[in-house]
Amino acid sequence: MANFSTHVAVAGMAATGMASGIAVTGMLSWPDSLVLGVFLVAGTLLPDIDVDGGRPQRWLFSLLALAAAIVASSLTVQMQTTPLFTLPGQTVSCEAIAVGFLVWLLIRYPAAFLFQKLTRHRGLCHSLVVGGLWGLGWIWLGLHCLAAEPLLIWLQGIALFIGFLIHLVLDELYSVDINNARIKRSFGSALKIWEPAFPSGSLLATAALVTLVWLLPYPGELVHWLRGGMLLLG
């Protein structure tokens, strides 16, 4: 399979081309286009979160731990009446700091360790179903929790999935030994719809994906944007 540097390099080239093309045509602003590029690169790293101790796994759980700590601290502050000190627009208490640190610690280490024990490399995390979950999951989260334009949220989710797909395709390409005209044993283990060796997990992931498709609204803004792009190009 392709190594970490190869994945990042290919993702960087794809993200640069995509962001530049969208920005130059005026379909999005340069900042919004560059953000899409970042999402594409992030999506390329996601299939390798099941590599024990790998950089994608460490980065993901560090970000999840930080986000969860911020949310936990904010919720704790809302229940407190005696702040320890104040920041611009925020109040902080000893309890909020302690809860935030505890949540960060639990997700960064025990949760990451449990994830390592329950997953194996090129397993369910390395499937198209999980790639769809990442993309649609971000779209659902963004539409409900972020104050951003729906079009941008949809495009970010799509960029995340495209990056995920690039990773899977690249791994399959590296499973073919062109010099010796042979196919390696790893061929077919990267680009798959779900994980045959984990049927229950695959079924749950598929059910979650179908649920997200059902919950998400019709992407009217995205369809209109794509039609405008087709008119612009053709």
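The values are calculated or read from the model by the stated rules, or taken from the named source; none is laboratory data. Since this is a predicted model, take the numbers as computed values, not measurements. Here Cβ is always computed from backbone atoms with ideal geometry, including for glycine, and neighbour counts include all displayed protein chains. All accessible areas refer to the heavy atoms of the entire protein, side chains included, with ligands and DNA or RNA removed. Shrake-Rupley method; radii C 1.70, N 1.55, O 1.52, S 1.80 Å.
Scanning the stretch 215-225 for residues that are open to solvent by less than 80 Å² (accessible area, probe 1.4 Å) and part of a helix (DSSP H, G or I) yields a count of 4. In this structure, is GLY137 in a helix (DSSP H, G or I), under 30 Å from ALA14 (Cα atoms) and at pLDDT 90 or above? So GLY137 fits the description; yes.
Within the stretch 94-113, residues that are under 14 Å from LEU64 (Cβ atoms) sit with their Cβ atoms under 7 Å from residues that are among the aromatic types (Phe, Trp, Tyr), at 6+ positions apart or across chains, in these pairs: ILE107/PHE61; ARG108/PHE61; ALA111/PHE61; ALA112/PHE61. Any residue at all in the stretch 85-101 that's farther than 19 Å from ALA208 by Cα, charged (D, E, K, R), at pLDDT 80 or above and part of a helix (DSSP H, G or I)? No, there is no match, as no residue in the stretch 85-101 is farther than 19 Å from ALA208 by Cα, charged (D, E, K, R), at pLDDT 80 or above and part of a helix (DSSP H, G or I).
Of all residues in the stretch 211-234, those satisfying the criterion of being closer than 13 Å to LEU155 by Cβ, hydrophobic (A, V, I, L, M, F, W, C) and over 22 Å from the mean Cα position of the chain (by Cα) are VAL223, TRP225, LEU226.
Can you confirm whether the stretch 7-15 contains a residue that is assigned to a helix (DSSP H, G or I), open to solvent by 40 Å² or more (accessible area, probe 1.4 Å) and touching a residue at least 12 places away in the same chain (Cβ under 8 Å)?
First, the residues of the stretch 7-15 that are assigned to a helix (DSSP H, G or I): 7-15.
When the remaining residues are screened for being open to solvent by 40 Å² or more (accessible area, probe 1.4 Å), the result is 8-10, 13.
Next, from what is left, pick out any that are touching a residue at least 12 places away in the same chain (Cβ under 8 Å): 8, 10.
Scanning the stretch 7-15, I find at least one residue that is assigned to a helix (DSSP H, G or I), open to solvent by 40 Å² or more (accessible area, probe 1.4 Å) and touching a residue at least 12 places away in the same chain (Cβ under 8 Å), so the answer is yes.
Could you please find all residues in the stretch 1-39 being polar (S, T, N, Q) and either modelled with pLDDT of 90 or more or touching a helix residue (DSSP H, G or I) at 6+ places or on another chain (Cβ under 9 Å) (or both)?
From the stretch 1-39, those polar (S, T, N, Q) are 3, 5-6, 16, 20, 25, 29, 33; that's our starting set.
Result: THR6, THR16, SER20, THR25, SER29, SER33.
Which one of LEU143, LEU165, LEU212, LEU204 is modelled with pLDDT of 85 or more and either of a type in the set (D, E, K, R) or open to solvent by less than 50 Å² (accessible area, probe 1.4 Å) (or both)? Spell out how you get there, then give the answer.
Details: LEU143 fails: either of a type in the set (D, E, K, R) or open to solvent by less than 50 Å² (accessible area, probe 1.4 Å) (or both); LEU165 fails: either of a type in the set (D, E, K, R) or open to solvent by less than 50 Å² (accessible area, probe 1.4 Å) (or both); LEU204 fails: either of a type in the set (D, E, K, R) or open to solvent by less than 50 Å² (accessible area, probe 1.4 Å) (or both).
Just a single option satisfies the conditions, and that option is LEU212.
Kindly provide the set of residues from the stretch 20-43 that are over 18 Å from the mean Cα position of the chain (by Cα) and aliphatic (A, V, I, L, M), ordered by number.
Of everything in the stretch 20-43, those that are over 18 Å from the mean Cα position of the chain (by Cα) and aliphatic (A, V, I, L, M) turn out to be ILE22, ALA23, VAL24, MET27, LEU28.
Going by the structure shown, is ALA42 at pLDDT below 90 and closer than 30 Å to MET230 by Cα? Give the steps one after another, and end with the answer.
On the way: at pLDDT below 90: yes; closer than 30 Å to MET230 by Cα: yes.
So ALA42 passes the test.
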